[in-house]
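*Asks:* Quick one: this structure, given as structure tokens, is what I'll be asking you about.
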Amino acid sequence: MRTVQSALFVFVLHAICLAEEPRSSARLPRSTPESQGVSSKGVQAFVESADRDIDVMNSFLLVRHGRVVAEGWWAPYAPESRHSLYSLSKSFTSTAVGLAVAEGKLSVDDPVTRFFPEETPAQPTNNLKAMRVRDLLRMSTGHHTEPPRDADQTWTKVFLAHSVPSKPGTHFLYNTSATYMLSAIVQKATGQTVLDYLKPRLFEPLGIEQPVWGASPQGVTLGGYGLSIRTEEIARFGQLYLQRGQWNGQQLVPEAWVEQATSLQTSNGSNPNSDWDQGYGYQFWRSRHGAYRGDGAFGQYCIVLPEQDAVIAITSGVKNMQSVLDLVWDKLLPALKPAPLAPDEESHKKLERTLAGLRLPPQQGSDSSEAAQKVVGKRFAFPANPMKLESIALESRTGEGKDRSIVLRTRIDGVEQRIECGSGEWIKGRAALGPLMPDQPAAATAAWSDEQTLKVKICFHETPFVTTLTLSYTGKELLLDSETNVGFGPTKSPRLVGKSD
């Protein structure tokens with residue numbers, strides 16, 4: 001989709017014993033880069049560039065010849081945490097369709113209206129009647145605008161009532177509502193939501209534990225977004241497709257479906273330098289260098305490179321999604337060699353140290369200020385606002401040395417919360433920042449950038465979002481500015497002005 005740790009890294013080196021590790025385990029085996037034909041220096045260059053040049057990297061995992069050779073998480077992101085996939089979810093919905101086709105529950109040539117007779121307009125247009133499951137899969141529904149998905153409407157009915165100006169199959173439009181329709185069709189055909197349908201057929205065999213996937217007001221799995229799984233689980237999904245649907249000796253997904261889903265089904269542009277102009281399959285993007293991928297907003301990637309026998313899983317929070325792929329092609333692709341390399345222990349150890357020390361920069365500044373002494377304990381109240389923020393207060397700084405922290409107390413929509421913010425580090429807990437950021441796992445860091453200004457960073461580390469709050473104290477007033485690294489709309493909120501009690 002275009003719209004655009006401290007050692008929380010796990011890198012397990014098994015050198016010799018990995019060759020004997022059984023493949024029956026869902027966890028991918030580990031190996032050294034050089035033994036799998038990967039240059040540690042090349043991976044090092046990629047990681048260093050990503051750390052320096054990419055807005056907010058969250059995680060990275062490289063699989064070569066079926067073995068993980070490098071993996072890292074930028075703290076507070078961590079291996080055990082799920083991550084919002086956004087439109088990378090679409091590739092999983094495509095897989096559900098392929099499985100339902102293989103079981104004879106439906107066909108890609110079925111008319112879409114066949115599944116929703118009660119919700120189809122009384123006099124459907126010829127173009128609507130011509131729309132088939134195949135057209136949903138390849139984003140060629142004939143729409144010129146995407147049908148809306150409003151909470152107070154039946155999404156399938158709205159979709160079927162939406163204008164279809166072009167003949168299906170002739171016009172590419174990236175269309176998340178089309179993917180939702182695929183989810184609704186699978187549910188109609190199988191009697192199960194896509195989430196439940198995939199559990200025994202895909203998630204459990206791949207060891208994807210307790211996947212989280214939202215549903216529409218009608219109880220249909222969202223399909224086009226909303227799935228949350230872990231970084232290695234993304235890589236396992238990619239490895240399944242690289243292995244043409246086979247996993248531990250079982251054909252989980254028909255090979256023919258893997259071929260169809262990842263092949264060019266729709267042309268969508270001609271720019272040779274854009275990974276969004278290489279064509280589209282069945283809910284998979286074609287990429288440069290003979291690769292294909294599932295991807296999601298703000299830089300969530302499952303990149304499969306058949307020619308190099310490699311899979312790359314990346315989660316991030318970026319505005320420019322092409323920048324991440326450019327870095328893969330410029331730095332990482334050249335590191336993948338056609339044969340095993342001589343051991344390079346020095347470079348490998350350096351890479352391990354780099355990966356183990358990855359973290360998002362904590363807020364820089366002082367842990368105290370002149371203003372801090374005056375405002376600690378004071379409550380600043382805010383008038384009604386979209387964030388539903390009612391008040392903010394600071395608690396006394398606690399601890400010494402590494403245990404130092406700044407504590408922010410807020411009241412949002414009637415709910416009190418206490419956010420402990422690390423000084424020079426991230427402290428994990430939970431946080432909420434209004435209707436768009438409900439209560440969820442978060443990590444926080446804070447520092448005084450000058451005598452009157454406190455900056456607080458809150459990382460919602462199961463998502464790409466990092467919000468920076470700037471609290472400027474001017475006597476009896478508190479000026480609050482809020483900005484998030486990425487978003488589907490404006491990322492900067494209007495200033496709020498609070499007054500002390």
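What follows is calculated from the coordinates using simple rules that are stated; it is not laboratory data. Only a predicted model underlies this, so the values are computations on that prediction, with no experimental measurement involved. Glycine also receives a Cβ, built like all others from the backbone with ideal geometry; neighbour counts cover every protein chain displayed.
*Asks:* Between residue 479 and residue 495, what length in nm is gained on full extension when 0.36 nm per residue of separation is reduced by their alpha carbon distance? Can you show the working numbers first?
*Replies:* Values: separation 16, 0.36 × 16 = 5.76 nm, distance 0.68 nm.
Gain on extension, residue 479 to residue 495, equals 5.1 nm.
*Asks:* Is there a quick way to get the dipole size of the chain? I mean about its Cα centre, with the Cβ of Lys and Arg at +1 and of Asp and Glu at -1; what is the value in debye to the nearest 20?
*Replies:* 540
*Asks:* Quick check on my link table: of 41/337; 90/188; 157/492; 378/455; 319/350, which ones sit more than 23 Å apart, alpha carbon to alpha carbon?
*Replies:* Distance filter (> 23 Å) returns 157/492; 319/350.
*Asks:* Can you give the net charge of the other residues whose Cβ lies under 9 Å from the Cβ of residue 409, counting K and R as +1 and D and E as -1?
*Replies:* +1
*Asks:* Sticking with this structure for a sec: From zero outward in steps of 5 Å, how is the percent of C-alpha pairs of region 24-95 spread across the bins?
*Replies:* 3, 13, 18, 19, 23, 15, 7, 1
*Asks:* In deg cm²/dmol and to the nearest 500, what is the mean residue ellipticity at 222 nm of the chain if only DSSP H runs of at least 4 residues count, each as -39500 (n - 2.57), divided by the residue total?
*Replies:* -6000 deg cm²/dmol
*Asks:* I would also like to ask the following. Would you mind classifying region 90-200 by shape? Square roots of the alpha carbon gyration tensor eigenvalues, ordered a ≥ b ≥ c; an a/c under 1.5 is rounded, otherwise it is prolate if a/b is larger than b/c and oblate if not.
*Replies:* prolate
*Asks:* When a/c is below 1.5 the answer is rounded, else prolate if a/b is larger than b/c, else oblate, so apply that to region 295-407 with a ≥ b ≥ c taken from the square roots of the Cα gyration tensor eigenvalues.
*Replies:* Oblate shape, in that a/c is at least 1.5 and b/c is the bigger or equal ratio.
*Asks:* Here is a further query. Subtract the Cα-Cα distance of residue 251 and residue 209 from 0.36 nm times their separation in residues, and report this length gain in nm to one decimal. Provide the component values of the computation, followed by the final result.
*Replies:* Working: separation 42, 0.36 × 42 = 15.12 nm, distance 2.02 nm.
Length difference between fully extended and current span is 13.1 nm.
*Asks:* How high is the FRET efficiency from residue 349 to residue 114, r the C-beta distance, R0 60 Å, rounded to 0.05?
*Replies:* The formula returns an efficiency of 0.50 here.
*Asks:* Collect residues whose amide H, placed 1.01 Å from N in the peptide plane, falls under 5 Å from the amide H of residue 105; neighbours closer than 5 in sequence don't count.
*Replies:* none
*Asks:* Please compute the modelled spin-label separation between residue 373 and residue 409, points set 7 Å along Cα→Cβ, answer in nm with one decimal.
*Replies:* Distance between label points: 2.2 nm.
*Asks:* By per-residue mean of other Cβ atoms within 10 Å, what is the highest-first order of 221-231, 85-95?
*Replies:* Working: 221-231: 25.1, 85-95: 27.2.
The densest-packed peptide leads the list: 85-95, 221-231.
*Asks:* Would you mind classifying the chain by shape? Square roots of the alpha carbon gyration tensor eigenvalues, ordered a ≥ b ≥ c; an a/c under 1.5 is rounded, otherwise it is prolate if a/b is larger than b/c and oblate if not.
*Replies:* oblate
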